[in-house]
Amino acid sequence: MDVYILIIISFFTLIPSFFWLWIYRLQDREQPEPRYLIRKLFFAGMLITIPAIFLEDGFIPNQLFGYQNWVYILVVVILTALIEELLKFFAAKKVVWKLSVFDQPIDGVIYSISVALGFALVENFFYFLPFAFPIPIPAKFTLIFSHREIIANFWQNFFWIFVSRFIFTTLMHTLASGVLGIYLGKAKFDKANSTKLIIKGLIWAIAFHALFNFFALLNEVGFTFFITLTFAVCFFPYIRKKECFKIGINRDTCDNIVKLNL
């Protein structure tokens, strides 16, 4: 039975990442990035999940997991966001920064999101793993249901984990990395302000990720959904307009471009 559940888990783990990858690839269908490069970035995102887990377990005291007070919440939301966004950024930059195919600013968005979706896939797998095996897993993945609770309402809990990872967390990873990708793309073609742009992108990505974590840990589903939806509504029209990615463009000018073309 556990083997069959593992197969089901593996299948449902793939759905969120590949669905959102398809959605984002549609935004870049005019000049799509090479598939081999997307696969490489996706795999890089999968690989960095492991050091992220070790770093989070190392920097976040184990006794804080499951002990929800304000100290716990602040430590977890800031450190997890910081660690994960930094690792996703370094993976994307390491793979693509010197490549000739990185030839327009919007490419930074697609590259960063590809890493984020590989990261989310492995993270999702760990969240689903207790449904197949009652084995010890990193502390951050044990916060939702105990194994006893899983067995008591197996499919109901499975459904809610899938929905939360699909609609909320995987999308959040793409939005946080996507906004960082905007600045990564601009930094690539604006060498004089490269460091400043990357720092600004990291601040935006970490802040959004931390805010998401904050409401998620408080189990405020409504607020979590609201901030994710709001960010997505702002982000998707922006990346559809290549004019927004021209170096030095004013944000108000881009907003007007977006409004005129919606």
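The values are calculated or read from the model by the stated rules, or taken from the named source; none is laboratory data. Treat the numbers as computed from the prediction; the structure is a model and nothing was measured. Don't worry about glycine lacking a Cβ; one is built from the backbone with ideal geometry, like all the others, and counts go over all protein chains shown.
Filter segment 78-115 down to residues that are aliphatic (A, V, I, L, M) and farther than 19 Å from Phe54 by Cβ, then give me how many there are. Give the derivation first.
First pass over segment 78-115, keeping only residues aliphatic (A, V, I, L, M): 78-79, 81-83, 86-87, 91-92, 95-96, 99, 101, 106, 109-110, 113, 115.
Narrowing further to those that are farther than 19 Å from Phe54 by Cβ: 92, 95-96, 99, 101, 106, 109-110, 113.
So the answer is 9.
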Quiz item: If the Cβ limit is 9 Å and pairs must be 6+ apart or interchain, which residue in segment 48-76 that is within 29 Å of Ser112 (Cα to Cα) and surrounded by 12 or more Cβ atoms within 10 Å (Cβ to Cβ) pairs with which residue that is of a type in the set (Lys, Arg) and at pLDDT 70 or above?
Solution: Ile48/Lys88; Ala52/Lys88
Quiz item: Which pairs have Cβ atoms under 8 Å, sit 6 or more apart or on different chains, and link a residue in segment 158-186 that is closer than 19 Å to Ile5 by Cβ to one that is surrounded by fewer than 24 Cβ atoms within 10 Å (Cβ to Cβ) and of a type in the set (Ser, Thr, Tyr)?
Solution: Ile161/Tyr127; Arg165/Tyr127
Quiz item: Which one of Ile161, Ile144 is hydrophobic (A, V, I, L, M, F, W, C) and either in contact with a strand residue (DSSP E or B) (Cβ under 8 Å, 6 or more places away or on another chain) or modelled with pLDDT of 70 or more (or both)?
Solution: Ile161
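Evaluate the following for Leu129: is it over 18 Å from Phe168 (Cβ atoms), modelled with pLDDT of 85 or more and among the aliphatic types (A, V, I, L, M)?
On the way: over 18 Å from Phe168 (Cβ atoms): yes; modelled with pLDDT of 85 or more: no; among the aliphatic types (A, V, I, L, M): yes.
When the stated conditions are applied, Leu129 does not pass them.
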Self-check item: In segment 181-228, residue farthest from Val77 (Cα to Cα) [restricted to those that are surrounded by fewer than 22 Cβ atoms within 10 Å (Cβ to Cβ) and hydroxyl-bearing (Ser, Thr, Tyr)]
Solution: Ser194
Quiz prompt | Of the criteria (1) closer than 20 Å to Ala44 by Cβ; (2) in contact with an Asp or Glu (Cβ under 8 Å, 6 or more places away or on another chain); (3) not acidic (Asp, Glu), which one Val115 fails | solution = (2)
